[in-house]
Amino acid sequence: MSAAAGSNGKTAAAAKPKLAIFGAASCGGCDVAIVNIHEHIVDVANAFDIVLWPTVMDGKYSDIEAMADHEITITLVSGSMRTDETVHLAKLLRRKSKFVVSFGSCASEGCIPGLANLSSRKEILDTAYSTTSTDNPDGIRPIWEFQAPEGVLHLPEFEPVLRTLDQVVDVDYTIPGCPPESNQIWAALEAVVKALNGTGPLPPKGAVLGAGESTVCDECARKRDVKKISKFVRVQQVAHFDPEICLLEQGLPCNGPATRNGCGALCPAVSAPCIGCYGAAEGVIDYGARLMAAYASVVEAMKPEEIDKVLDGIPDPAGQFYRFSLAGSLLRSGRSAWQNDGE
Amino acid sequence: MSTQAPVAPAPVEGAAPATTTFEPVIIGFTCNWCSYRAADLAGTARTKYPPNVRLIRLMCSGRLDPTFVLKAFSEGADAVLVSGCHPGECHYIEQNYKALRRFQLLQRTIEALGIEPARLQLVWASAAEGVRLANEIARVTEEVRAIGPLNWPAGDIVDLDAVDLSAAWEATGGDADGPPEAPGGVNPDHAAGSLPAAASQPAAATQPAEASR
């Protein structure tokens with residue numbers, strides 16, 4: 001804790017580099033993945049003075065505010081920028097940190113919360129507060145500012161468009177994954193610890209840590225032959241998939257061709273198609289565009305009507321091509337997210 | 001933070017004021033072997049087509065990466081025209097079928113994201129069809145003019161301090177609230193490689209979003 005370290009003056013703890021782990025709009029899975037590095041978490045605690053990790057321990061934002069600029073050595077930010085509070089804290093941590101790491105899919109490309117960018121703020125609040133599954137007879141909605149007898153209270157305001165961390169602050173490194181695989185987290189942290197000890201090179205700015213530079217297909221053990229797809233199927237429509245052959249060749253929309261490797265191709269190994277949680281492969285500007293190019297190349301149809309019939313097998317193209325990457329895509333959102341709906 | 005809400009565009013129908021006609025920006029991807037030569041032929045034959053289209057030559061319509069189309073939309077294009085050899089006449093045997101399938105898949109995806117499918121059009125034109133290509137460009141231009149500007153605000157949701165942090169720090173003098181919200185951001189990925197055609201547009205016609213801000 002920073003307060004303890006500060007009061008002890010120049011103790012060993014105070015000399016350790018400081019680490020902050022902050023979750024913005026996230027599910028907490030990234031924090032679980034960090035803890036899941038098992039006994040290495042002790043090495044992390046030995047190597048760093050953990051000044052903030054709200055999921056795991058107490059820590060005060062006021063302590064962070066009181067720090068000098070760049071006092072924190074590394075900040076891991078998981079989660080996307082959903083409210084003005086998360087944006088504020090991301091900017092605060094950026095100012096106080098030497099290195100900011102975009103940790104996990106939410107921070108890096110929006111992830112599942114980013115699919116909210118297909119809806120307007122009004123539609124999202126209607127779904128959350130006014131659908132039949134919500135017991136809300138008085139139609140109560142959150143208000144961002146409330147005049148209480150003691151003073152004005154503020155709730156974090158829901159922003160119209162969810163953003164990725166690098167759309168809000170400067171990001172030094174990215175660790176992809178939903179969540180990042182624990183062995184990869186440790187590998188990335190170890191590289192940084194070594195660099196701090198002077199026993200290893202510091203990764204170049206902008207580097208993607210804890211992942212490969214190719215695609216999931218490269219890591220996938222399934223056999224690939226000539227890809228020709230005359231029909232897309234959904235996983236529940238087929239009783240048995242061949243365990244040896246590429247899932248895409250069997251008609252299952254698998255996102256492997258566009259997705260960065262590093263996960264070990266765990267999903268296709270158990271006949272589940274890759275859904276793209278490790279984000280865009282090296283050099284890919286727009287994840288969905290790469291995947292569309294790959295799918296369209298292997299569809300076996302020449303006439304527009306035939307092509308349409310095959311493409312009907314992908315009923316939700318936005319969800320298929322941008323499940324994890326909508327907020328970080330070239331278009332960033334659907335139109336309704338940024339249309340003013342008066343909410 | 002209402003300042004971060006991207007500015008909504010004018011209503012789509014009848015958006016153009018009566019005094020100034022809306023001039024859509026259309027990025028046209030043409031094939032080296034047919035449609036680019038058709039455009040060339042239209043030029044030598046002095047056949048006029050609307051200057052709204054900015055033609056970019058590819059070696060084949062099959063070279064069309066969907067990224068090009070999305071980048072065009074995200075950086076201010078109102079429509080994208082893809083043009084290649086007629087089916088069966090591809091210089092590279094069958095790559096124009098690839099273009100056709102990408103086009104159909106892209107149309108479905110942009111529709112799911114709220115972009116009118118008519119903003120992405122496919123026209124086959126052989127090297128001899130200069131007049132036909134000119135007519136098709138005119139047709140697409142009028143269709144897009146009727147739909148109105150796209151004004152996709154993708155760049156606006158990025159803070160300027162994401163681009164140059166040190167400058168942003170200096171601007172705030174260490175204020176804990178961070179730099180003031182940028183009125184419109186620039187995607188650092190895009191700054192270096194913006195569409196060359198878009199840069200040459202008259203500001204009033206091509207950047208209505210900028211003008212209204």
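Restricted to the stretch A:97-119, and to residues that are of a type outside the set (A, V, I, L, M) and surrounded by fewer than 23 Cβ atoms within 10 Å (Cβ to Cβ), which residue is farthest from the other protein chains (Cβ to nearest Cβ)?
A:Pro113
Residue-by-condition table, conditions (1) over 22 Å from B:Thr109 (Cβ atoms); (2) in contact with a helix residue (DSSP H, G or I) (Cβ under 9 Å, 6 or more places away or on another chain); (3) touching a residue at least 24 places away in the same chain (Cβ under 8 Å):
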| position | (1), (2), (3) |
| --- | --- |
| A:Phe103 | yes, yes, yes |
| A:Gly110 | no, yes, yes |
| A:Ser119 | no, yes, yes |
| A:Tyr129 | yes, no, no |
| A:Gly139 | yes, yes, no |
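Condition check ((1) over 22 Å from A:Phe321 (Cα atoms); (2) more than 19 Å from the chain's Cα centre (by Cα); (3) buried (at least 19 other Cβ atoms within 10 Å of the Cβ); (4) in the same structural domain as A:His40 (by TED's automatic domain parsing)) across all residues:
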| site | (1), (2), (3), (4) |
| --- | --- |
| A:Trp186 | yes, no, yes, yes |
| A:Val192 | yes, yes, yes, yes |
| A:Gln236 | no, yes, no, no |
| A:Pro243 | yes, yes, no, no |
| A:Cys274 | no, no, yes, no |
| A:Cys277 | no, no, yes, no |
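Is at least one residue of the stretch A:82-89 assigned to a strand (DSSP E or B) and of a type outside the set (S, T, N, Q)?
Checked against the condition, which is being assigned to a strand (DSSP E or B) and of a type outside the set (S, T, N, Q), the stretch A:82-89 yields at least one hit.
Any idea which of (1) charged (D, E, K, R); (2) in a helix (DSSP H, G or I); (3) surrounded by fewer than 19 Cβ atoms within 10 Å (Cβ to Cβ) is the one A:Asp31 doesn't satisfy?
(3)
Just need a number here: residues in the stretch A:286-343 that are within 7 Å of chain B (Cβ to nearest Cβ), in a helix (DSSP H, G or I) and of a type in the set (A, V, I, L, M).
Count: 7.
Please specify each residue of the stretch A:67-89 satisfying the condition of being within 11 Å of chain B (Cβ to nearest Cβ), touching a residue at least 40 places away in the same chain (Cβ under 8 Å) and more than 15 Å from the chain's Cα centre (by Cα).
Across the stretch A:67-89, the qualifying residues are A:Met67, A:Thr83, A:Asp84, A:Glu85, A:Val87, A:Leu89.
Can you tell me which residues in the stretch A:173-192 are in a helix (DSSP H, G or I), in contact with a helix residue (DSSP H, G or I) (Cβ under 8 Å, 6 or more places away or on another chain) and at pLDDT 90 or above?
Listed by number, the residues that qualify are A:Ser182, A:Ile185.
Determine which member of the set A:Asp170, A:Asp166 is within 12 Å of another protein chain (Cβ to nearest Cβ), assigned to a loop (DSSP other than H, G, I, E, B) and surrounded by 13 or more Cβ atoms within 10 Å (Cβ to Cβ).
Working: A:Asp166 fails: assigned to a loop (DSSP other than H, G, I, E, B).
Selected residue: A:Asp170, the only one of A:Asp170, A:Asp166 that is within 12 Å of another protein chain (Cβ to nearest Cβ), assigned to a loop (DSSP other than H, G, I, E, B) and surrounded by 13 or more Cβ atoms within 10 Å (Cβ to Cβ).
Does A:Val226 satisfy the condition of being over 22 Å from A:Tyr278 (Cα atoms), touching a residue at least 24 places away in the same chain (Cβ under 8 Å), assigned to a loop (DSSP other than H, G, I, E, B) and β-branched (Val, Ile, Thr)?
No; evaluated as a whole, the condition is false for this residue.
Identify, by number, the condition in (1) of a type in the set (D, E, K, R); (2) touching a Lys or Arg at 6+ places or on another chain (Cβ under 9 Å); (3) more than 10 Å from chain B (Cβ to nearest Cβ) that A:Arg260 doesn't meet.
All conditions pass for A:Arg260, except number (2).
Taking the condition more than 8 Å from every other protein chain (Cβ to nearest Cβ), under 24 Å from A:Asn117 (Cα atoms) and either hydroxyl-bearing (Ser, Thr, Tyr) or out of contact with any strand residue (DSSP E or B) (no Cβ under 7 Å at 6 or more places or on another chain) (or both), does B:Gly43 pass? It would help to see each step written out before you state the result.
On the way: more than 8 Å from every other protein chain (Cβ to nearest Cβ): yes; under 24 Å from A:Asn117 (Cα atoms): no; either hydroxyl-bearing (Ser, Thr, Tyr) or out of contact with any strand residue (DSSP E or B) (no Cβ under 7 Å at 6 or more places or on another chain) (or both): yes.
So B:Gly43 does not fit the description; no.
The values are calculated or read from the model by the stated rules, or taken from the named source; none is laboratory data. Bear in mind the structure is a predicted one, so any value in this text is a computation, not a measurement. Note that we place each Cβ from the backbone using ideal geometry, even for glycine, and neighbour counts take in every protein chain shown.
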